[in-house]
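The values are calculated or read from the model by the stated rules, or taken from the named source; none is laboratory data. For clarity, every value in this text was computed on a predicted model and none was experimentally measured. Counting neighbours? That spans all protein chains shown, and the Cβs are built from the backbone with ideal geometry, glycine included. Just so you know, the surface numbers come from the protein's heavy atoms only, side chains and all, with ligands and any DNA or RNA stripped out. Shrake-Rupley method; radii C 1.70, N 1.55, O 1.52, S 1.80 Å.
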Amino acid sequence: MTLLALLVSTDDSASEILSRVLPASGIAVERFSDLGTAIDRLQQQRFDAIIVDFEDPKAAGAVLDESRKLNSRMATVTVAMVAEASSVRDILSGGAHFVLYKPLSDNKARAGLRALAALLNRERRRAQRVPVQAPVDLILSDSIKAEGILLDLSETGMEILTAEPQSPGALLGFRFQLPDGSLDLQAQGRVAWANRNGQTGVHFLELDGPTKAGLQAWVNAAAGGNGAVEEPIPYCKLTDLSLGGCYLETDSPFPEHALVDICLKTEKMAVHTEGMVRVTHPGEGMGVEFPSRTAEQRARVGEVISFLRNSPESVLGLIVTPRALVADVSQFQRAEEPGSEVAEDLDDPLLELLRQGSTLQQEDFLAELRQQRSGESVAT
């Protein structure tokens with residue numbers, strides 16, 4: 001199914017360019033120059049992305065507010081077209097995911113929309129829901145055991161039916177087997193929404209690697225997917241790295257709070273770590289924080305740094321692919337582990353800068369980053 005974008009702009013030149021570039025990336029576009037007509041259309045049709053021209057900030061804000069109101073359960077990816085770089089930080093802080101600078105050209109539009117297309121395709125695969133009829137064993141609050149019926153399943157959650165209504169936000173344990181018996185899932189989830197008749201949406205928490213991979217493969221096959229490999233963004237350069245995070249130069253950064261996979265590879269091997277985008281600089285790059293909740297996550301980051309130190313730069317490849325529009329922030333907070341003392345956060349100037357990045361203007365952030373580079377290239 002083709003992805004669909006709503007474009008709201010009175011700029012004929014920019015609209016013509018986007019009407020050429022978006023379809024080439026597999027994204028159909030509907031363009032409106034009138035605010036009222038655009039909002040009417042938004043109320044009739046679910047769009048995968050909304051592109052608004054901030055030449056009229058009030059009108060652009062009205063479109064984005066209406067989109068948030070209509071899609072409270074699932075965020076729509078938003079793109080802002082701006083002429084003044086000074087307004088970008090406020091626009092990103094206001095909820096926009098991507099920024100395109102005007103005046104547009106075909107090359108600038110293609111570069112700026114690469115990450116958008118990759119993220120939309122990933123979100124569509126994550127959102128695939130497969131109807132399922134299977135029993136599910138539940139452990140509710142206070143260790144109360146219950147039974148339910150699995151109604152549908154996706155990579156990130158499930159819909160179940162229980163005898164009693166559940167409470168949104170509540171944690172629960174669950175266990176069920178896929179219909180073909182290929183995988184037995186036992187983990188925890190959080191109630192995302194619930195109806196009084198017992199229908200409940202559950203978001204999965206912390207699936208281990210093999211379980212996550214097995215579930216993804218099963219959902220893709222059951223939904224009739226082709227198993228396509230995730231499309232990475234090209235032209236990505238690692239410039240700064242510490243145990244806490246990194247900065248990547250790219251003309252097509254992912255949005256703030258997005259979850260990404262970073263892969264460093266040679267001809268013989270590859271190492272992966274996930275990360276959350278802490279700060280985005282359109283056309284320039286992005287700062288990514290590494291997960292640090294568990295010892296396993298921290299060890300994986302250590303493997304990446306060791307791999308980087310021991311690999312000749314000439315044969316080292318870097319691949320960055322999207323995992324989700326919004327990362328689970330809890331995975332980036334150090335957890336107390338049984339039998340071990342909770343260590344204080346390491347002195348990590350790069351990580352501190354990344355966490356402050358969304359409050360700084362781009363030029364101020366990059367100036368501080370350059371100053372840090374006078375030290376070691378890899379902080380330990």
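Things to note:
- Under 16 Å of direct C-alpha separation, and excluding same-chain neighbours fewer than eight residues apart, residue 237 reaches these lysines: 265.
- Antiparallel beta bridges, as assigned by DSSP with both residues in the chain, represent about 75 percent of the total such bridges.
- Accessible area per residue in Å² at 1.4 Å probe, computed on the range 95-159: 46 Å²
- Relative contact order, percent, the chain [alpha-carbon distance under 8 Å, six or more residues apart]: 12 percent
- The chain: most fluctuating residue of 332, 176, 290 per GNM, C-alpha cutoff 10 Å: 176
- Per residue of the chain, the DSSP helices (runs of n ≥ 4 H) give a summed -39500 (n - 2.57) that works out to -9500 deg cm²/dmol at 222 nm.
- A Förster radius of 51 Å combined with the Cβ-Cβ distance from residue 90 to residue 20 puts the calculated FRET efficiency at roughly 0.95.
- Of the listed residues 288, 29, the order by accessible area with a 1.4 Å probe, largest first, is 29, 288.
- Lys, Arg +1 and Asp, Glu -1 on Cβ, resulting dipole of the range 251-303 about Cα centre, debye, nearest 20: 220 debye
- The range 105-224 shape via C-alpha gyration tensor axes, a/c threshold 1.5: prolate
- Considering only 99, 324, 201, and ranking their Cα positions along the charge dipole of the chain that arises from unit charges at the beta-carbon of Lys, Arg, Asp and Glu, the one farthest toward the positive end is 201.
- Global form of the chain, assessed from the alpha-carbon gyration tensor, a/c cut-off 1.5: oblate
- Each Cα pair under 8 Å and six or more residues apart adds its sequence gap; the mean of these over the residue count of the range 163-225 is a relative contact order of 30 percent.
- Surrounding net charge for residue 133, when Lys and Arg each add one and Asp and Glu each subtract one, Cβ distance under 15 Å: -3
- In a simple Cβ point-charge model (Lys, Arg +1; Asp, Glu -1; nothing else charged), the chain has a dipole of about 800 debye relative to its Cα centre.
- Using a simple spin-label model with pseudo-atoms 7 Å out from Cα toward Cβ, residue 83 and residue 144 lie 6.0 nm apart.
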